[in-house]
Amino acid sequence: MSNIEQKLERHHRFWDMVSTDRPLIGFTIGDYFPSRRYQAAQKLMAFTRPLNPEDIEPETFLEDYERLFEFSQAVEQDCFYVAEPFTGLPWVEGVFGCPIRAGEDSFWADKVLDDLADFPADIDLETNPWYLKYMEFSQALTELAQ
């Protein structure tokens, strides 16, 4: 049985609540903060102004994704490596119009509303620059994964 088949069998047994010999186990190799696991994020961490979607170049992250995938394969674990657009960025907050800033170890979103009643109900994803950048990043990862 292949490693993938073993992982799938263990997941099925766990989620079907069939008796297993242990819980599902997964590891992340490297630093706790995503911003320090991705070398490409270091350029973004240097920004003293709010980030703009055009500051993010998905192709500069691809080497990091390859390295992290290799790390995940080197460790016996039950979890699958899942590549998703750089998780260190608060993408959804950017879509909703919050300024995104870099700190020493991570990124955060500035508050833009004082009252939830002011929340915009008509965000146009077809033209939203943060959403479009997220989708561009997703496409780059899809092509990398073939």
Open item on the list: Could you give each residue of segment 17-26 its phi-based ³J(HN,Hα) in whole Hz, using Karplus coefficients 6.51, -1.76, 1.60 with θ = phi - 60°, and x for Gly or Pro?
Closed with: 6, 8, 3, 10, 7, 6, x, 5, 10, x
Task: Integer Hz, Karplus 6.51/-1.76/1.60 couplings in order for segment 35-41, x for Gly and Pro - done: 4, 9, 7, 10, 4, 5, 6
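So what's the net charge close to I100: Lys and Arg +1, Asp and Glu -1, counting the other residues with Cβ under 10 Å from its Cβ? Can you show the working numbers first?
Working: positive: R101; negative: D55, E93, D110.
That sum, taken over residues with Cβ under 10 Å, equals -2.
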TODO: Determine which lysines satisfy two conditions relative to K43: a Cα distance under 23 Å, and not lying fewer than 8 residues away in the same chain.
DONE: K133
Task: Value at 222 nm in deg cm²/dmol, rounded to 500, when DSSP H runs of n ≥ 4 in the chain each add -39,500 (n - 2.57) - done: -11000 deg cm²/dmol
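Applying 1/(1 + (r/R0)^6) with R0 = 30 Å to the Cβ-Cβ distance of K7 and Q42, what FRET efficiency is obtained, to the nearest 0.05?
Numbers: r = 32 Å, r/R0 = 1.08.
About 0.40, to the nearest 0.05.
Stokes-Einstein at 20 °C, 1.002 mPa s, Kirkwood radius from Cα pairs: D for the chain in µm² s⁻¹?
Numbers: Rh = 17.6 Å.
The Stokes-Einstein estimate is 122 µm²/s.
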Open item on the list: I need the GluC sites (Glu not before Pro) found in segment 82-139, filtered to DSSP loop residues with at most 13 other beta carbons within 10 Å of theirs.
Closed with: E104, E126
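Using the beta-carbon distance between E54 and W15 and R0 = 41 Å, what value does 1/(1 + (r/R0)^6) give for FRET efficiency, to the nearest 0.05? Don't jump to the answer; show the numbers that get you there.
On the way: r = 41 Å, r/R0 = 1.00.
Rounded to the nearest 0.05, the efficiency is 0.50.
Quick check on segment 44-111: what does the Kirkwood estimate of hydrodynamic radius come out to from the alpha carbon pairs, in Å? Working shown, then result.
Working: mean 1/r = 0.0731 Å⁻¹.
By the Kirkwood definition, the hydrodynamic radius is 13.7 Å.
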Task: Under 12 Å from K7, Cα to Cα: aspartates and glutamates that are on another chain or at least 8 residues apart - done: E76, D78
Open item on the list: For a quick check: with amide H placed at 1.01 Å from N, whose amide H comes under 5 Å from T28's, ignoring anything fewer than 5 positions away on the same chain?
Closed with: none
Open item on the list: I need the GluC sites (Glu not before Pro) found in segment 1-81, filtered to DSSP loop residues with at most 15 other beta carbons within 10 Å of theirs.
Closed with: E76
Open item on the list: I need the chymotrypsin sites (Phe, Trp or Tyr not before Pro) found in segment 20-57, filtered to DSSP loop residues with at most 14 other beta carbons within 10 Å of theirs.
Closed with: F27, Y32, F47
Open item on the list: Of the candidates L51, L132, L116, which one comes out as most mobile in a Gaussian network treatment of the chain with C-alpha springs shorter than 10 Å?
Closed with: L116
TODO: With θ set to phi - 60°, apply the Karplus curve 6.51 cos²θ - 1.76 cosθ + 1.60 along segment 114-125 and write out the HN-Hα couplings as whole Hz, x wherever there is a Gly or Pro.
DONE: 9, 9, 4, 5, 8, 4, x, 8, 10, 6, 8, 5
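Could you give the size of the charge dipole of the chain about its Cα centre, using +1 on the Cβ of each K and R and -1 on the Cβ of each D and E, expressed in debye and rounded to the nearest 20?
Details: 12 positive and 28 negative charges, 99 e Å.
Approximately 480 debye in magnitude.
Can you tally the net charge around K43? Count Lys and Arg as +1, Asp and Glu as -1, for every other residue whose Cβ sits under 9 Å from the Cβ of K43. Mind showing how you got there, number by number?
Numbers: positive: none; negative: D55, E57.
Summing Lys and Arg as +1 and Asp and Glu as -1 gives -2.
All of the numbers you see were taken from the coordinates with simple rules; none came from a lab. Predicted model, so just to flag it, every value in this text is computed and none were measured. So basically every Cβ, Gly included, is an ideal-geometry build from the backbone, and we count neighbours across all protein chains shown.
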